[in-house]
1. Which is assigned to a helix (DSSP H, G or I), crowded, with 18+ Cβ neighbours inside 10 Å, free of Cβ contacts under 8 Å to residues at least 40 places away in the same chain and assigned by TED's automatic domain parsing to the domain that holds residue 379, of 267, 247?
2. Determine which member of the set 169, 223, 249, 228 is within 17 Å of residue 58 (Cα to Cα) and out of contact with any helix residue (DSSP H, G or I) (no Cβ under 6 Å at 6 or more places or on another chain).
3. Exactly one condition in (1) more than 30 Å from residue 247 (Cβ to Cβ); (2) buried (at least 21 other Cβ atoms within 10 Å of the Cβ) is not met by residue 73; state its number.
4. What is the number of the single condition among (1) under 26 Å from residue 177 (Cβ atoms); (2) in contact with a strand residue (DSSP E or B) (Cβ under 8 Å, 6 or more places away or on another chain) that residue 281 does not meet?
5. Give the residue that is surrounded by the most Cβ atoms within 10 Å (Cβ to Cβ), with candidates limited to residues of region 156-169 that are free of Cβ contacts under 8 Å to residues at least 60 places away in the same chain and closer than 22 Å to residue 288 by Cα.
6. Have a look at 10, 38 and point out the one that is farther than 19 Å from residue 179 by Cα and at pLDDT below 95.
7. Taking region 274-312 only, how many residues are surrounded by fewer than 18 Cβ atoms within 10 Å (Cβ to Cβ), touching a residue at least 24 places away in the same chain (Cβ under 8 Å) and within 23 Å of the chain's Cα centre (by Cα)?
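The values are calculated or read from the model by the stated rules, or taken from the named source; none is laboratory data. Quick caveat, the model's predicted, so the values are computed rather than measured. Cβ coordinates were reconstructed from backbone atoms using ideal geometry, including for glycine residues, and neighbour counts include every protein chain displayed.
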């Protein structure tokens with residue numbers, strides 16, 4: 001499989017066929033697996049013999065899904081989780097201990113920030129939040145007990161770009177684990193391991209599924225680090241169901257062509273919005289006007305499927321605009337075939353304090369679009385009529 005292109009690996013990598021010689025991988029909807037003898041059971045439990053034991057920590061469907069992601073991301077190993085947030089928490093819970101310190105970007109998903117700000121301090125783990133673009137502050141934020149550096153890139157929801165090469169240099173200099181949430185870019189657009197990332201996280205619910213059907217997550221990295229995450233999941237249970245893994249594995253087969261269309265529609269929409277008087281600021285990594293355009297071009301093969309903007313006006317203008325959209329869905333998800341609109345200040349990032357929202361660049365007139373696969377003319381027409389009605 002390693003000799004094929006990534007798009008081919010996403011299609012051709014699969015679990016071993018059964019005696020039925022099925023062309024498509026079957027569903028393994030079982031809680032546990034049987035052994036031919038007591039000796040075989042003992043050998044499998046001792047890791048002397050490969051084999052499945054219990055679907056909480058091993059199943060052919062989850063194995064196939066993770067093996068595909070490892071090939072796409074270029075990592076040694078990986079493990080599937082019940083959700084993206086399960087992946088985030090598993091990394092922190094399995095690799096950190098009392099007295100450790102985390103450096104994290106200000107620009108991260110609200111629930112990730114909640115874990116860092118509210119849960120981990122209960123276990124004696126401290127965190128320092130750094131603006132993603134402030135290079136000097138990252139270096140100054142390092143402490144003797146800093147164990148892990150955590151970023152999303154592009155960030156949620158302001159689409160700022162982390163300089164992965166620079167952040168990796170800090171991690172290497174101080175012996176810090178480098179963890180990147182690659183959810184928004186997907187491995188098709190960006191491979192953080194190329195820039196030195198030790199761990200890559202995904203909410204597979206988003207672009208990997210791509211159709212808003214199932215929830216799932218993944219952690220990818222070196223065999224040593226994944227082993228620690230595996231031990232945590234095996235004993236605490238945030239596992240991915242075989243059915244969801246089967247769906248996600250099949251979804252990876254179309255990831256490349258879907259992301260091409262998402263990106264094609266997104267850049268056209270971003271260019272359209274940039275010329276409107278109704279829009280005060282437009283956020284899209286591959287727009288030349290983006291402050292990190294050159295960095296985004298160097299790290300991402302395309303700009304992604306998310307576009308964000310600030311409307312001229314206040315939160316009431318933003319809400320009137322959202323309520324006037326006819327085709328866009330209003331939902332907490334993203335990365336769907338269907339275009340989605342979100343008001344982060346009142347939904348996905350509403351649990352943040354006003355100070356935290358401000359630090360992350362989230363204002364009441366900020367709107368995020370997950371640009372779907374519909375015809376771009378229909379996407380633009382819906383936004384255009386909603387802007388007119390929202391005045």
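1. 267
2. 223
3. Of the numbered conditions (1) more than 30 Å from residue 247 (Cβ to Cβ); (2) buried (at least 21 other Cβ atoms within 10 Å of the Cβ), the odd one out for residue 73 is (1).
4. With (1) under 26 Å from residue 177 (Cβ atoms); (2) in contact with a strand residue (DSSP E or B) (Cβ under 8 Å, 6 or more places away or on another chain) applied to residue 281, the lone miss is (1).
5. Out of the qualifying residues, it is 162.
6. Only one candidate qualifies: 10.
7. Number satisfying all stated conditions: 2.
One line per residue, one yes/no per condition, for (1) in contact with a helix residue (DSSP H, G or I) (Cβ under 9 Å, 6 or more places away or on another chain); (2) within 28 Å of residue 188 (Cβ to Cβ):
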position: 25; (1), (2): yes, yes
position: 29; (1), (2): yes, no
position: 40; (1), (2): no, no
position: 45; (1), (2): no, no
